[in-house]
Every structure is written in structure tokens, then in C-alpha cells.
2 protein chains.
Amino acid sequence: MKKGRLFVISAPSGAGKTTILKRVITRIPRLVFSISHTTRRPRPGEVDGRDYYFTDRTRFLEMVEQNRFLEYAEVHANHYGTSREGVDEQLGKGMDVILDIDVQGAAILRKSGSVDGAHVFIAPPGLAELERRLRSRGTESEEQLLVRLANAEKEMRAAGEYDYLIVNNQLDEAVDLLCSIIVAERARFFRLPSGEAVKGILE
Amino acid sequence: MKKGRLFVISAPSGAGKTTILKRVITRIPRLVFSISHTTRRPRPGEVDGRDYYFTDRTRFLEMVEQNRFLEYAEVHANHYGTSREGVDEQLGKGMDVILDIDVQGAAILRKSGSVDGAHVFIAPPGLAELERRLRSRGTESEEQLLVRLANAEKEMRAAGEYDYLIVNNQLDEAVDLLCSIIVAERARFFRLPSGEAVKGILE
């Protein structure tokens, strides 16, 4: 079976990433979100190995020391991380895996060179439009809003380090484009040396 | 205006390339075939600069000497060639350009490194199926058919040198896939050095 492909996806907050990903995942077969490890308790209905890999703090920190996480973070005193093995297991089953991580995490992944994947950046149409969207949500204080905008600007400067850029002007188009990118990447491979035949097509 | 992208597309004969390209070009806006130079006379209705760049033999051979063709060939005592300037002009207008050339021509382009583009190989589902398709056309002698099959096998060994592989099992799916590849490539770019912002997205 053909191994799946990893899609590393980042966006500044307010770019519409979550909405886009939710739609894309329902439209494309064999596409899943990566499953994180966490030290927080399972909530009712959550299944180990489906929603999260539930683990304890000692085990988690051991895995950190063993360099077994592609990325990890602490949120509200709980640890969250994406393990190399977890992602490899999904890829091995022929699933394409979406790794939804922030700009800093994605930069670390690219630098480490340890995982191959297509990196996609989703940008809002511009900072003015992002400000309008964040204000219309009305969920933040003026101060929080300014912090978010400053962060977004900083994050958008990193867009050029990604393989693909989706500017979310129009939701449907952004969804279509991400679907196209995933489908195209499945047909993509890295040039083989001259004379080396692609496995399977000569049968 | 954003410059267009070049798509170099090859396939062994019988893979269905012509049918696929005809459908794709009607579905995707701003996508055109490259315009060739030719020394043959214009046919009724053909327009210089739209169907071909019509030129004479002396001028054509001069351009060959000046290394102004990406590729060229002689067919039935007429010369045909794709000029660098012709393609650049279309790309400069923001059109994506399809360059439909054979495996040898595409290999020369890749080696020269002088043109950036996405290289797509369209393969039949396999040699047995290709033989079935060629036989069902019934347009060739047994000898011609065996030559075609031998050529196809040789050409299919080059598939790995391309960026994308489309196996034409099912025409509609192959058309969809080539459309996705073109749309995805438009959103693709080559990673900029860290800290270098993408033009335009911060406005």
C-alpha cells in the first residue's frame, strides 16, 4: 500500500483555518487529523487512539526526552504533543494526515528535516480584513485584539517558508483550493534519477 | 500581474493525453497551449500569433542557431519549434501555458534547467491495457503496433523524472486530477528564505 502524505497547515488566528479544515476533511477520503498525545483526562465519549492518545505526565516527559514528539506544548497545565510514531502509524495505513500546528512549530519541523510533508499556509486577505473579522467576532478586548494582530503580522511574514499559500478571500474557493492541493500532492513525487522506473506502472 | 506557470506534459501514445488536455483547457481559465513557430504555410482561418507563429526556413534555422527554441523538430519537411520568447510572452500575460512535448524533449528541457515548470507524465494503466487500446483503434499494422508498444515501454521508464504522475485508468478522474494539479501549482511557490515576506499579503 502507498504510504500517506503529511500536510502541515498553519494560519494566523482569524484566517479561517478551522472552518476550511472541517470542510476539507469531509470531502476527501483517506484524510485524517493527526492524533495528539495529551496528559489531560479523557472527556466523556473520547476514545484513546481515536481522539487522543491519553498518557500521564511522567510518560509524556519521558517521550519528550527521547525526542519522540514532532512538536509539543503545554496548555493550561496539560501537555499536548504530536508523536512521530503516531503520525507514522496513520501514514503507514495509507492515510493522508493533517498536522494543524502554529508557525513556530512548523518552522521547527522544517528545520529538523526529519519529516517530509507539504506545508500549507492559510492567510487572511490582508491585515485590514483580519482586523475587521476579529472585531466582528467581538470576543476580545482592544488590547487582546492588538496582540492578535501583531502576532498575525509576524506569522504572515513566515508564509514564504511554506510550499503553498492559500489566501482566504472566499471560503468556498479556499476549500476547493486546499482539496486540489491535497489531491495533486497525492499524484506528486520527487524526481527519480534518469532510467529508474516508477514501481507498478509497467505491469 | 502574477506570471503564469509552465506545464510540461508528456505521455506515450495511446495514454489519452490529447483527450485529457482538450477537456482540461476548457475547464480552467487562463490556461493555454504554447504557440509553436512553424515554417509551414498558414491554413485557411489560422492566425499568426494565435495558432502559430508563421516564419520562413531561413529565419527558423537562424533561431535554432541562436538557441531560441526550447525544443524543435522537423515533420514532413516542415520545421516546428517552441520558442523561449513565445512561451515567456504568454507567461508574462499571466497565462498558464501547456507545453505538450515528448519524453525526449521534456528530458532536454529538464537538463537545460533554463525553464522552470511543473512536469506531468500521463501513463496508461499498464502495457497490457495500452496494447488493448491500440489494437481496438485498429489504425496500425502489427509491426507498427509492436514499435509503438516498445516505445511506450521505454517512455514509461522516464515517468519517474516528472513531478507528477497521472495514471489514466478512468478519463474523468484523470481530467479532474490534471485540473487539481494546475490549480494547486498556482498556489505553490518555492520556499523563500526565513524572514522574507510574500509580496502583497501584508497589505
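Placing +1 on the Cβ of each Lys and Arg and -1 on the Cβ of each Asp and Glu in segment A:6-186, which of A:GLY45, A:GLY117, A:ASN168 has its Cα farthest towards the positive end of the resulting dipole?
Of A:GLY45, A:GLY117, A:ASN168, it is A:GLY45.
How far, in nm to one decimal, is B:ASN67 from itself in the other copies if the label point is set 7 angstrom along Cα toward Cβ? Shortest first, please.
4.5
Tell me whether segment B:32-93 comes out rounded, prolate or oblate; compute the Cα gyration tensor, take square roots of the eigenvalues as a ≥ b ≥ c, and use a/c under 1.5 as the rounded threshold.
It is oblate, given that a/c is not under 1.5 and a/b is not larger than b/c.
Can you list, shortest first and in nm, the gaps between the label point of A:GLU85 and those of its counterparts in the other copies, using a point 7 Å from Cα in the C-beta direction?
6.4
Using a 10 Å cut-off on Cβ to Cβ distances, tally the other chain neighbours for every residue of A:150-161 and report the average as a whole number.
Across A:150-161, the average partner-chain Cβ count within 10 Å equals 4.
Between A:LEU6 and residues 5 or more places away or on another chain, which pairs have amide H atoms under 5 Å apart, with H built 1.01 Å from N, and which residues are they?
Counting only residues 5 or more places away or on other chains, the set is A:VAL97, A:ALA118.
Can you list the copy-to-copy distances for B:GLU129, using a point 7 angstrom from Cα toward Cβ, in nanometres, shortest first?
Listed shortest first, these distances are 4.1 nm.
Pick out, in residue order, every one of the GluC sites (Glu not before Pro) in segment A:1-85 that is DSSP loop and has at most 13 other C-beta atoms within 10 Å; say none if there are none.
For GluC sites (Glu not before Pro) across segment A:1-85 that sit outside H, G, I, E and B with at most 13 neighbouring Cβ atoms in 10 Å, the list reads A:GLU46.
Let me confirm one metric for peptide A:175-188, namely the mean number of other chain beta-carbon atoms within 10 Å of its residues' beta-carbons.
6
So what's the back-of-envelope 222 nm ellipticity for chain B, counting only DSSP H runs of four-plus at -39500 (n - 2.57) apiece and dividing by all residues, rounded to 500?
Helices in chain B give a 222 nm mean residue ellipticity of -12500 deg cm²/dmol.
Send over a whole-number figure in Å² for the accessible area per residue of chain B, probe 1.4 Å.
Per-residue value: 52 Å².
For a quick check of your reading of the filter: which chymotrypsin sites (Phe, Trp or Tyr not before Pro) in segment B:109-198 sit in a DSSP loop and have no more than 13 other Cβ atoms within 10 Å?
B:PHE190
Computed on protein heavy atoms with a 1.4 Å probe, what is the summed buried accessible area for the chain pair B and A, in Å² to the nearest 100?
3200
Could you please state, rounded to a whole Å, how far the C-alpha centre of segment A:84-111 is from the C-alpha centre of segment B:111-159?
If you average the Cα positions of each part, the centres end up 37 Å apart.
Rg(Cα) of the protein assembly as shown divided by 2.2 N^0.38 Å?
Dividing the Cα radius of gyration by 2.2 N^0.38 Å gives 1.16.
When the accessible area of segment A:6-186 is split by element with a 1.4 Å probe, what percent falls to carbon and sulfur?
In segment A:6-186, the share of accessible area belonging to carbon and sulfur is 49 percent.
Using amide H atoms built in the peptide plane, which far-off residues or other-chain residues are under 5 Å from B:VAL167 H to H?
Result for B:VAL167 returns B:ALA123.
For chain B, what is the number of Lys pairs with C-alpha distance below 15 angstrom, counting only pairs 8 or more positions apart or on separate chains?
Final tally of qualifying lysine pairs is 4.
Let me make sure I get this right: for chain B, a, b and c are the square roots of the gyration tensor eigenvalues over alpha carbons, sorted descending. Under 1.5 in a/c it's rounded, otherwise prolate if a/b > b/c, else oblate. Which is it?
Here chain B falls in the oblate category.
Hey, can you list the DSSP H helices of chain A whose Cα span along the axis is 24 Å or longer and whose average Kyte-Doolittle score is at least 1.6?
none
The values are calculated or read from the model by the stated rules, or taken from the named source; none is laboratory data. In this text the structure is predicted, and so the values were computed from the model without any measurement. Neighbour counts run over all protein chains shown; Cβ positions are idealised from the backbone, glycine included. The protein model used for the area step is the full one, side chains on, heavy atoms only, and it has no ligands, DNA or RNA in it. Shrake-Rupley method; radii C 1.70, N 1.55, O 1.52, S 1.80 Å.
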